[in-house]
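**Q** First, the structure itself, so that you have it in front of you.
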Amino acid sequence: MVVIDAAILIEAGWDDLCDEVWIATAPEAHVIQRLGSRNNLTEEQVRARMASQISTEERVKHAHVIIENDGDLEELRRKVRAVWKERLAGRNTAARHHG
């Protein structure tokens, strides 16, 4: 397995190269607060950055997995690990039946 963390994967058209596309979504207020704090940006700067990217709705259209990032970092880690185990188990089961 190869995992690619690429913020512009869909915009670049690289999603066709992937077996699965996972996205994390978050409430707008959370995004504004997180980006502002992390990158020392004003709300206007964060909103300008968000406006320059494709919308969440458009990203969702390309996604196989959508993870709601509405909690803290540890909660996000738990969600990602749970989905990873579920998807990996599904692939292993399919490989045993087809192999």
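The values are calculated or read from the model by the stated rules, or taken from the named source; none is laboratory data. Remember, predicted model here, so these are calculated numbers, not experimental data. Note: ideal-geometry Cβ built from the backbone for every residue, glycine included; neighbour counts use all protein chains shown.
**Q** Quickly run through region 3-43 and pick out the residues that are closer than 18 Å to GLU75 by Cβ and of a type in the set (Val, Ile, Thr).
**A** Hits for region 3-43 are ILE23, THR25, VAL31.
**Q** For residues that are at pLDDT below 90 and of a type in the set (A, V, I, L, M), scanning just region 72-99, find the one that is nearest to MET1 (Cα to Cα).
**A** LEU88
**Q** Scan region 3-32 for residues that are free of Cβ contacts under 8 Å to residues at least 24 places away in the same chain and touching a Leu at 6+ places or on another chain (Cβ under 8 Å) and report the count.
**A** Going through region 3-32 one residue at a time, the tally reaches 1.
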